[in-house]
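The values are calculated or read from the model by the stated rules, or taken from the named source; none is laboratory data. What you see is a predicted model; the values in this text were computed from it and never measured. Methodologically, a virtual Cβ is constructed for each residue, glycine included, from the backbone with ideal geometry; neighbour enumeration extends over all protein chains shown. Each accessible area value is taken on the protein alone, full model and side chains, heavy atoms only, with ligands, DNA and RNA left out. Shrake-Rupley method; radii C 1.70, N 1.55, O 1.52, S 1.80 Å.
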Amino acid sequence: MTLSDIASLQSQALAEISAAKDAAEIENLRIKYIGRNGSLPALMKNLRDVPPAEKPAFGQALNALRNAVTEALNSRKSSLEASSAPAETFDFSLPGNWHASGSIHPVSAIIDEVTRIFAQLGFTVADGPDIETEFNNFDALNTAKHHPSRDARDTFWLGNGLLLRTQTSPVQIRTMLAHKPPVRIINPGRCYRRDTTDATHSANFHQIEGLYVDTVPVSLADLKSTLEHFAREMMGPGVKVRFRPHFFPFTEPSVEADFSCHVCHGKGCSVCKGSGWIEILGAGMVDTRVYKHVGYDKDCYGYAFGMGVERLAMIKYGISDLRLLYANDLRYLREFI
Ligand code: DAH
């Protein structure tokens, strides 16, 4: 045994220890080097044969070997434990983080529902801009030159004959100018009127327009059955529809349609203000003067209808004040959907 044997054994032991990958390997190395039958005790036995003058140096070298190996085993063990422990303990039983995903606004819900019902009847969704021409919003819809709705006190005029549309009816004109009959569209959209905001009025509101024009006969009976189907789908199977004569410049004849009150079923309550009926929409057979404006043959047949979305939402969801729809109070809006 030489001192350099001890030194090379030490460096071999330290190299193996630092390469150890788990607790079992570390234990095996402990047994191999400093265990009872390991390398170190074997060298200790050899100490007897070392000349007395060299003994202290050998003794010191063997002690240093034991200390170095013991320390290396301990530090390798604790560094392995530290790296295999999970970085952070996670409690799977804790409730998850809740993120609000939003909900459908009552106005959008009504638009979706009405669109779904008419889509089943073959209506496609048409679109038009909020800024319209006087021609599309009034002239082509056969509105008299001095009709009060054209007044600047009712309509937001933008100059150059442009305005914020007061109704979705101009989409009828856009559709007929762009497509030959048959056309069968509905158009949900935003409208503007110079109204002072109160429980039932808003300067900014929504309508849904419907138009069906064909070259084969389409009658008032078709309009009535379509609207009756819509009423039942929208408000429930027991709902009845009542048609009253009315006037709109772009339909002849014109009607207003009332639905029987879905709350009291016609008996009279606060929702229908005691009458048993709720006014829902305007409709009629398209006036031949409108066909002339869009270049359609005067022998076309068609009907149109239009309804207020906020009004439908208020009736369907029992909302007493239109302003609640736009106050952006989530506590209120979450009540519905
Ligand atoms: N545009 C009308 C309004 O704002 C509603 C309306 C009535 C639309 C009759 C129509 C219709 O298409 O045929 O009061």
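Okay, here's what the table says:
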quantity	calculated
Heavy-atom surface of region 184-288, accessible at 1.4 Å and reported per residue (Å²)	46
Exposure rank, largest accessible area first [1, 235; 1.4 Å]	1, 235
Solvent exposure, largest accessible area first (probe 1.4 Å, DNA, RNA and ligands not counted), of 291, 301, 296	301, 296, 291
Cα-Cα P(r), the chain, percent of pairs per 20 Å interval	23, 32, 7, 8, 16, 12, 1
Kirkwood hydrodynamic radius over Cα pairs of region 85-158, then Stokes diffusion coefficient at 10 °C and 1.306 mPa s, in µm²/s	86
Restraint check, 224/267; 224/316; 273/298; 240/292, Cα-Cα greater than 32 Å	273/298; 240/292
Phi-based couplings in Hz for region 143-151 (Karplus 6.51, -1.76, 1.60; Gly and Pro marked x)	7, 4, 3, 10, 4, x, 5, 7, 4
Partner lysines for residue 45 [C-alpha distance under 30 Å; skip if fewer than 8 residues away on the same chain]	32, 55, 77
Area accessible to solvent at residue 247, 1.4 Å probe radius, in Å²	130
Ratio of the Cα radius of gyration of region 200-337 to 2.2 N^0.38 Å, where N counts its residues	1.19
Rounded D (µm²/s) - region 44-128, Kirkwood Rh over Cα pairs, Stokes-Einstein at 25 °C, 0.890 mPa s	112
Lone cysteines, the chain (no partner Cβ under 4.7 Å)	191, 300
Cα coordinate range in region 1-98, projected on the principal axes (Å, largest first)	79, 20, 16
Share of carbon and sulfur in the accessible heavy-atom surface of region 229-283 [1.4 Å probe, %]	56
Rounded accessible area of residue 89 (nearest 10 Å², 1.4 Å probe)	120
Surface accessible to a 1.4 Å probe, residue 233 within the full protein complex, Å²	70
Inverse mean reciprocal Cα-Cα distance (Kirkwood Rh) of region 28-187, Å	25.4
Relative frequency of Cα-Cα separations exceeding 11 Å in region 190-231, percent	74
In Å, descending, principal axis extents of the Cα set of region 140-271	49, 44, 23
Largest to smallest accessible area among 113, 132 [probe 1.4 Å]	113, 132
